[in-house]
Amino acid sequence: MRNISNYLFWIMMTVMLPFMASCGSSSGDDEPPVDEFDVQFTLPSKIDITKGGEYTFNVTNGVAPRTTDNMVMESGAGVSYLCPVVNVSASQFTVRFVNEVVDGTYNVYLRRDQRKKHYGQMSVNIIANVVDPLDSNIYGVVSAGDQPVSGVVVSDGVEVTVTGADGVYRLNSAKKYGYVFMSIPSGYEAVSEGVIPVMYKLVSSDRKAQERADFKLNKVEGQDNYKVFFLGDMHLANRTGDASQFQQFTADLNSYTQSHYGEKMYAITLGDMTWDIYWYDNNYEIADYIKTVNSQVKNLQIFHTMGNHDNDYKSTSDFSAEARYRAILSPTYYSFNIGKVHYVVLDDIDCSAYDGTTSRNYKKSISTDQLAWLAKDLSYVPKSTPLIITMHAQVFKPVEAGGFKVDHDASNTSQFLSLIDGYNVNIVTGHTHQLYNVVPQESVMEGRDIFEHNSGAVCASWWWSGYLTPGVHIGTDGAPGGYAVWDINGTDMKWMFKATGHPEDYQFRSYDLNNVSFSMADVPDMPSKFASKFEPYTKAYPANSNNEVLINVWNYNPNWTITVTTEGGQSLTPTAVWAYDPLHIAALSVKRFNKSNLSSTPSFITEKFTHFFKVQAPDADTDLTITVKDEFGRVWTENMQRPKAFSIDAYK
């Protein structure tokens, strides 16, 4: 019996073993078999190919892929394109890129059967046709649709050239700045990545490498008439409630653009979109700004000007301080055209003395490189073409004794003014977080047809007034946070300042000084050692009944008129004064000083400034009609009922 049992056991094992073996190896069928899938090759950081074209890669270990393999191109959005390997040798292999592959940066894989091996990232630049670089090391084509665009000015920040009839440009570049940019021609717009016009391309630092950078344009009609918004200091830093306050600004901007639907509109920042110290402290830097603005603003191209806080304070040279900005946002200086106007963006913050600390010892100066480039750029611009030039820091600044002073490196500023001599020029600047205007007839302009607009700040007092006193968003001069709106009609220009959260006719604010006063009683918790710092406000506005009225006309220039009449028809004469804005004192300075743990004089407090006017009313009860008229004939009026109460809520 035992023999029969053993015999039956071995028969059963003989029958079951194949099945057991099969079951035991089933999971192994999903594992890649061991073979020669050990391909190694050089992956370029960027390639230029025609649509549906082929590119040959160099094998580095003698193991090439098979013609049955595929290259997988995976976009940042997670979309994958399967590109076949079409030709193989021991040292090279060629891949045909499918038509669906577009410009962009991709994760690159090789795929064999069910296996996929990652090799890194590669940027793809789809080119229209093959171009002979000749002896240039940067070259390319500027096109609109399938048509080349001739006469487009292209530069690397040093050399300047133009495209020929075939749309081709060539530069023999030192590649100092690591990019090449075009000066967008009139009648065209650059394609956009979100709100950012694509008018520059990065290149390597290898002078021997011949690199192609194409630019694509869209032809547009009716570009002579448009609006342009100038967006001063934003200082986004993930602090003082700036995110929600910035949303109020973008909601206002979006509402304004929607109310003018059908009109062409563009925007230019004036620098300090970010705040360098908070790149590190709060993890909010230029890339975060780009995400923020792209998520909140639509259908508007925004050109960018670099500010002092858009430089990396941990750097030890001007060039390295700009590196992050150049790499992901914009050239530091460039030009473009909209309609009949030539725009120039300059970087007037010199960080050469940076030492890697928060000292940030910058100088307000336009570099010699920029001046040399500007001379070349303007050689393509007739003197009859108006110039609008933006830079971050002010060129001129008002002085309380009267007039203006040069607030820039004197030597380079003199060269700059000489370069733009003979043009009709409007300079638009930021940096001060205040509003003022320097008209051509001011003596500081030396007879030149130049108008500087120091254009105010989106963030007003670095977002502090709106944070401490919600609903009161004003700068240290009492000007509201907001943005400039310019209407361009051919070569004619009109400008105004649009306050965030207010209608366009909000252009001045009045105070009945009989009801405005400040004293040390307003800051009972302030340590006594800071009394002398708060004292200027108490001296400026003691309790009195002198029947004076203070008017803050923040965008005033000498071409404006201000008239004040009493209810009986008596004309009162406004007198220009420097003053502290009472609302800013109440909304910000009082709250910043009134702290028992105050260890230093607060920043962003109220400053005495120009664009204020006083009138003497005959008594405390007489009502006034205040009329402000700008140089374009626009009129704004307040029927001031007196006595007029002063409180924060009254001015929200």
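The values are calculated or read from the model by the stated rules, or taken from the named source; none is laboratory data. Computed from a predicted model, the values in this text were never measured in an experiment. When we count neighbours, we look across all protein chains shown, and the Cβ atoms used for this are built from the backbone with ideal geometry, even at glycine. For the accessible areas, the whole protein counts, side chains as well, though only heavy atoms, and no ligand, DNA or RNA atoms are used. Shrake-Rupley method; radii C 1.70, N 1.55, O 1.52, S 1.80 Å.
Select from region 458-506 the residues that are part of a loop (DSSP other than H, G, I, E, B), over 23 Å from Gly241 (Cα atoms) and in contact with an Asp or Glu (Cβ under 8 Å, 6 or more places away or on another chain) and list them in ascending order.
Gly490
Just one of the numbered conditions (1) touching a Gly at 6+ places or on another chain (Cβ under 6 Å); (2) part of a strand (DSSP E or B); (3) more than 19 Å from Ile184 (Cβ to Cβ) is not true of Arg170: (1).
Just for region 286-323: of the residues that are assigned to a helix (DSSP H, G or I) and among the polar types (S, T, N, Q), which one is farthest from the chain's Cα centre (by Cα)? Explain how you work it out, then say what you get.
Filtering region 286-323 down to residues assigned to a helix (DSSP H, G or I) leaves 286-296, 308-310, 318-321, 323.
This time we only want the ones that are among the polar types (S, T, N, Q), so: 292, 294-296, 308, 320.
On the way: Thr292: 11, Asn294: 11, Ser295: 14, Gln296: 14, Asn308: 12, Ser320: 19 Å.
The qualifying residue farthest from the chain's Cα centre (by Cα) is Ser320.
I'd like the residue in region 169-189 that is buried (at least 22 other Cβ atoms within 10 Å of the Cβ) and hydrophobic (A, V, I, L, M, F, W, C) and, out of all such residues, is farthest from Ile328 (Cα to Cα). My answer is Leu171. Can you tell me which residue in region 64-97 is farthest from Asp214 (Cα to Cα), limited to those that are β-branched (Val, Ile, Thr) and open to solvent by less than 40 Å² (accessible area, probe 1.4 Å)? Among those that are β-branched (Val, Ile, Thr) and open to solvent by less than 40 Å² (accessible area, probe 1.4 Å), it is Val85.
Quick check: is even one residue across region 140-162 on the phi < 0 side of the Ramachandran plot, touching a Phe, Trp or Tyr at 6+ places or on another chain (Cβ under 6 Å) and not in a strand (DSSP E or B)? No - not one qualifying residue is present in region 140-162.
Determine which member of the set Val72, Val79, Val15 is modelled with pLDDT of 95 or more and β-branched (Val, Ile, Thr). Steps first, answer last, please.
Working: Val79 fails: modelled with pLDDT of 95 or more; Val15 fails: modelled with pLDDT of 95 or more.
Answer to the selection: Val72.
The one condition from (1) touching a residue at least 24 places away in the same chain (Cβ under 8 Å); (2) surrounded by 15 or more Cβ atoms within 10 Å (Cβ to Cβ) that Pro148 does not meet is (1). Note on region 619-644: among residues that are more than 24 Å from Gln434 (Cβ to Cβ) and open to solvent by 70 Å² or more (accessible area, probe 1.4 Å), the one that is nearest to the chain's Cα centre (by Cα) is Val635. The residues in region 191-215 that are open to solvent by 80 Å² or more (accessible area, probe 1.4 Å) and not in a loop (DSSP other than H, G, I, E, B) can be counted, and the count is 2.
Specify which of the listed residues (Ser186, Ser204) is hydroxyl-bearing (Ser, Thr, Tyr), modelled with pLDDT under 95 and touching a strand residue (DSSP E or B) at 6+ places or on another chain (Cβ under 9 Å). Spell out the reasoning first.
On the way: Ser186 fails: modelled with pLDDT under 95.
Just one listed residue meets the conditions, Ser204.
Screening region 250-276 for residues that are open to solvent by 40 Å² or more (accessible area, probe 1.4 Å) and either among the small types (Gly, Ala, Ser) or over 26 Å from Met496 (Cα atoms) (or both) and picking the one that is modelled with the lowest pLDDT gives Gly262.
Checking each residue in region 542-582 for being open to solvent by 60 Å² or more (accessible area, probe 1.4 Å), in a loop (DSSP other than H, G, I, E, B), closer than 30 Å to Met520 by Cβ and not small (Gly, Ala, Ser) picks out only Asn546. Exactly one residue out of Tyr483, Tyr511 is closer than 30 Å to Asn337 by Cα, crowded, with 23+ Cβ neighbours inside 10 Å and among the hydroxyl-bearing types (Ser, Thr, Tyr), and it is Tyr483.
Taking into account only those residues within region 315-340 that are within 13 Å of Tyr362 (Cα to Cα) and touching a residue at least 12 places away in the same chain (Cβ under 8 Å), which is most open to solvent (accessible area, probe 1.4 Å)? Give the derivation first.
First, the residues of region 315-340 that are within 13 Å of Tyr362 (Cα to Cα): 315-319, 321-322.
Next, from what is left, pick out any that are touching a residue at least 12 places away in the same chain (Cβ under 8 Å): 315-318, 321-322.
Working: Ser315: 12, Thr316: 93, Ser317: 40, Asp318: 36, Ala321: 0, Glu322: 8 Å².
Top of the filtered list is Thr316.
Filtered by the rule that a residue be crowded, with 24+ Cβ neighbours inside 10 Å and among the hydrophobic types (A, V, I, L, M, F, W, C), region 448-461 gives Ile450, Ala457, Val458, Cys459, Ala460. Candidates are the residues of region 98-120 that are β-branched (Val, Ile, Thr) and not in a loop (DSSP other than H, G, I, E, B); the one that is most open to solvent (accessible area, probe 1.4 Å) is Thr105. Of the set (1) open to solvent by 50 Å² or more (accessible area, probe 1.4 Å); (2) in contact with a Cys (Cβ under 7 Å, 6 or more places away or on another chain), all apply to Asp233 but (1). Please enumerate the residues belonging to region 436-457 that are aliphatic (A, V, I, L, M) and either in a strand (DSSP E or B) or closer than 15 Å to Asp272 by Cβ (or both). Answer for region 436-457, where residues must be aliphatic (A, V, I, L, M) and either in a strand (DSSP E or B) or closer than 15 Å to Asp272 by Cβ (or both): Val438, Ile450, Ala457. Val516 passes every criterion in (1) out of contact with any helix residue (DSSP H, G or I) (no Cβ under 8 Å at 6 or more places or on another chain); (2) modelled with pLDDT of 95 or more apart from (1).
Have a look at Lys533, Lys529 and point out the one that is open to solvent by 50 Å² or more (accessible area, probe 1.4 Å), at negative phi and within 39 Å of the chain's Cα centre (by Cα).
Values: Lys529 fails: within 39 Å of the chain's Cα centre (by Cα).
Selected residue: Lys533, the only one of Lys533, Lys529 that is open to solvent by 50 Å² or more (accessible area, probe 1.4 Å), at negative phi and within 39 Å of the chain's Cα centre (by Cα).
Annotation: of all residues in region 599-616 being out of contact with any helix residue (DSSP H, G or I) (no Cβ under 9 Å at 6 or more places or on another chain) and crowded, with 19+ Cβ neighbours inside 10 Å, the one that is farthest from Pro536 (Cα to Cα) is Val615.
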